[in-house]
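Participant: My questions all concern the structure below.
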């Protein structure tokens, strides 16, 4: 089978790691997990994130492309799972040919923002983020920009993970891979050794503490959960930040709907 490379580009907290784990079970892909985030952070949040990255973290987008070419030379296919906010400015660096497929993944904005906000609570610096930061890091506008940039590309799929099983079925059809139920089961990563091993397998560049923090649910699971967790605004106790999330989710809802429109 001819190798091809798939970009899974997502808004935060949208089940992209779960989908990565499912695609991993097909044994068809070498995974590059969020390689563009380190490039983005070093440009935009260098002081805040300086201790987050392994020495192997990518510094420039050209190094990521070189890694993809190495995978291709070994007759393998790459799965590049990344965040919309991180990759958008570098999408033009990716070669334009039929070997590249793009899956743009999102989720209801309110669920994204509440989940994302809660995950940042461990970091003292999160209080310095303002609504413009949250708007940018949510990735909805960037995902829409990517959709428009790739509008002439026949190898693009835009979908929501709100219905996770439907989402997975669409992805397998798009990639022309036969879906098997066994792909929805895997071994959990519980202890430090297992997390480190998965980090290495996926060419993850964040340190293992952060890797585990951001992706704990998907790493420690042993298979797909069919029911997405619905979030409620009361989960955010701080009134100021609750109001910010409500305001931003209302702003982003039309963007979400435009992303999913034909």
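The values are calculated or read from the model by the stated rules, or taken from the named source; none is laboratory data. Computed from a predicted model, the values in this text were never measured in an experiment. Here the Cβ positions follow ideal geometry from the backbone for every residue, glycine too, while neighbour counts run over all protein chains shown.
Participant: Being modelled with pLDDT of 95 or more, in contact with a strand residue (DSSP E or B) (Cβ under 9 Å, 6 or more places away or on another chain) and within 19 Å of residue 109 (Cα to Cα): is that true of residue 260 here?
Facilitator: yes
Participant: Can you pull out every residue in the range 174-194 that is crowded, with 16+ Cβ neighbours inside 10 Å and part of a helix (DSSP H, G or I)?
Facilitator: 174, 183, 184
Participant: May I pose another question? Every residue in the range 195-233 that is in contact (Cβ under 8 Å) with a residue 60 or more places away in the chain and in a strand (DSSP E or B), please.
Facilitator: 206
Participant: Right, next: Could you please find all residues in the range 147-173 being touching a residue at least 24 places away in the same chain (Cβ under 8 Å) and part of a helix (DSSP H, G or I)?
Facilitator: 147, 149, 164, 165, 167, 168, 171 - these are the residues of the range 147-173 that are touching a residue at least 24 places away in the same chain (Cβ under 8 Å) and part of a helix (DSSP H, G or I).
Participant: Could you tell me whether any residue of the range 30-43 is over 16 Å from the mean Cα position of the chain (by Cα), in a helix (DSSP H, G or I) and under 30 Å from residue 249 (Cβ atoms)?
Facilitator: Yes: the range 30-43 contains one or more residues that are over 16 Å from the mean Cα position of the chain (by Cα), in a helix (DSSP H, G or I) and under 30 Å from residue 249 (Cβ atoms).
Participant: On the basis of being at pLDDT 95 or above, surrounded by 13 or more Cβ atoms within 10 Å (Cβ to Cβ), over 18 Å from the mean Cα position of the chain (by Cα) and more than 19 Å from residue 45 (Cβ to Cβ), does residue 149 make the cut? Let's see the steps before the verdict.
Facilitator: On the way: at pLDDT 95 or above: no; surrounded by 13 or more Cβ atoms within 10 Å (Cβ to Cβ): yes; over 18 Å from the mean Cα position of the chain (by Cα): yes; more than 19 Å from residue 45 (Cβ to Cβ): yes.
Judged against the criteria, residue 149 is not a match.
Participant: Now for a different question. Those residues that are in contact (Cβ under 8 Å) with a residue 24 or more places away in the chain and either touching a strand residue (DSSP E or B) at 6+ places or on another chain (Cβ under 6 Å) or within 29 Å of residue 159 (Cβ to Cβ) (or both), I need them from the range 58-74; list them, please.
Facilitator: Answer for the range 58-74, where residues must be in contact (Cβ under 8 Å) with a residue 24 or more places away in the chain and either touching a strand residue (DSSP E or B) at 6+ places or on another chain (Cβ under 6 Å) or within 29 Å of residue 159 (Cβ to Cβ) (or both): 58, 61, 64, 65, 67, 68, 71, 72.
Participant: Still on this structure: Kindly establish whether residue 150 is under 16 Å from residue 252 (Cα atoms) and touching a strand residue (DSSP E or B) at 6+ places or on another chain (Cβ under 9 Å). Break it down stepwise before answering.
Facilitator: Working: under 16 Å from residue 252 (Cα atoms): no; touching a strand residue (DSSP E or B) at 6+ places or on another chain (Cβ under 9 Å): yes.
No; evaluated as a whole, the condition is false for this residue.
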